[in-house]
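> Below is one structure. I have some questions about it.
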Amino acid sequence: MEKYFEIGQIVNTSGLKGVIKVKPFTDDIAKFNDLETIYISVKKELKEFKIEQVRFSKNMVFLKLEGIDTIEEAEKYRNLYLKIKRDKDEKLDKDTYYIVDILGCKVYTDEQKELGTVDDVFETGSNDVYVVKDEAGKQVLLPAIKEVIKNIDIENKTIIVHLLEGLIQ
């Protein structure tokens, strides 16, 4: 399992005093209020920053981080990703998983046929869709519904699925 979660991307600056504008990767942006520190991934290295202030506007998060006090300094972090330590996030409900844990899982049918590896996850609103890619690059789209997804084993990075008629051509 991943040690850190990406929780957002710095998309812009705000004002002259080093505030960064963040596109959140969480359904509940109020989680940012509970954070004391975040990490910014800079050239494969994580830099830790203390959060001084959090505010929200139009589903975006505005953070004032300790040590970033000018627009020029904030600009250096544009397009970079914010991370938090995994242990800082709350526990999930039964049959709910973090996307980062689903990615890379091997997918097998309930008849033990290997379909490939989860390459991406699309959030559609009603349910997620797992993009499973085989070694030849062929993709299969699987809706993350209980009729299709029969078992997810995060520890062993495997998913067992039942293929409904019409899912695979």
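What follows draws every value from the coordinates through simple rules; no lab data is involved. Computed from a predicted structure; not experimentally measured. Ideal geometry is used to build each Cβ from the backbone, glycine not excepted, and the neighbour counts take in all protein chains shown.
> Taking amide H atoms as placed 1.01 Å from N in the peptide plane, list the residues 5 or more away in sequence, or in a different chain, whose amide H sits under 5 Å from that of Leu103.
none
> Amide H neighbours of Gly116 under 5 Å, counting only residues 5+ apart in sequence or on other chains, H built in-plane at 1.01 Å?
Val107
> Oh, and also: Mind ordering 124-133, 10-19 by average Cβ neighbours within 10 Å, highest first?
My ranking of the peptides, most packed first, is 10-19, 124-133.
> While we're on this one: In segment 1-154, if the dipole is taken from +1 on Lys/Arg beta carbons and -1 on Asp/Glu beta carbons about the Cα centre, which of Gly8, Asn151, Val54 is farthest to the positive end?
Of the candidates, Val54 comes out farthest on the positive side.
> Fewest Cβ neighbours within 10 Å first, please rank Glu72, Glu165 accordingly.
Lowest count first: Glu165, Glu72.
> Explain nothing, just the number: dipole magnitude of segment 99-161 about its Cα centre with +1 on each Lys and Arg Cβ and -1 on each Asp and Glu Cβ, in debye rounded to the nearest 20.
I would put it at about 100 debye.
> A further question follows. For the chain, modelled as a Gaussian network with Cα springs under 10 Å, which listed residue fluctuates most, Glu123, Glu66, Glu75?
It is Glu123.
> When all C-alpha to C-alpha distances in segment 102-163 are sorted into bins of 5 Å, what percent of pairs does each bin hold, rounded to whole numbers?
Each 5 Å bin holds this share of Cα pairs: 4, 21, 32, 29, 11, 2.
> Is segment 6-61 rounded, prolate or oblate when judged by the Cα gyration tensor, a ≥ b ≥ c being the square roots of its eigenvalues, rounded requiring a/c under 1.5 and prolate requiring a/b larger than b/c?
rounded
> Considering only the chain, what is the antiparallel percent among its DSSP beta bridges, to the nearest 5?
Of the beta bridges lying entirely in the chain, close to 90 percent run antiparallel.
> So how far apart, in nm, are the two label points at Val42 and Asp119 if each is 7 Å from Cα heading toward Cβ?
About 3.4 nm, to one decimal.
> Once phi is turned into θ = phi - 60°, what whole-Hz ³J(HN,Hα) does the Karplus curve with 6.51, -1.76 and 1.60 give for every residue of segment 121-138, x standing for Gly and Pro?
9, 9, 9, 9, x, 7, 7, 6, 10, 8, 9, 9, 10, 8, 4, 7, x, 6
> Turning to a different aspect of this structure: Taking amide hydrogens as modeled 1.01 Å from N in the peptide plane, which residues meet the under 5 Å criterion relative to Ile7, leaving out close sequence neighbours?
Leu82, Lys83, Ile84
> Using the Karplus curve 6.51 cos²θ - 1.76 cosθ + 1.60 with θ = phi - 60°, what ³J(HN,Hα) values do you get for each residue of segment 102-110, in whole Hz, with x for Gly and Pro?
Here the 3J(HN,Hα) series is 6, 4, x, 5, 6, 10, 10, 6, 6 Hz.
> With contacts defined as alpha carbon pairs under 8 Å and 6 or more residues apart, what's the relative contact order of the chain in percent?
Relative contact order here is 19 percent.
> When 1/r is averaged over all different Cα pairs and the result inverted, which Kirkwood radius in Å belongs to the chain?
Roughly 17.9 Å, rounded to one decimal.
> Sticking with this one: Bin by bin, in steps of 10 Å, what percent of the Cα pairs in segment 1-100 do you find, going until the bin that has the longest distance?
The percentages, shortest bin first, are 15, 52, 27, 6, 1.
> Return P(r) of segment 92-132 (all Cα-Cα pairs; 5 Å bins starting at 0; whole %; ordered from short to long distances).
5, 21, 25, 26, 18, 5
> Order of 139-145, 102-108 by packing, highest average Cβ count within 10 Å first?
In descending order of packing, they fall as 102-108, 139-145.
> Would you kindly derive the ³J(HN,Hα) couplings of segment 11-25 from the backbone phi angles with the Karplus curve 6.51 cos²θ - 1.76 cosθ + 1.60 (θ = phi - 60°), listing them in order in whole Hz, with x for Gly and Pro?
9, 5, 10, 9, x, 9, 9, x, 6, 10, 9, 10, 8, x, 10
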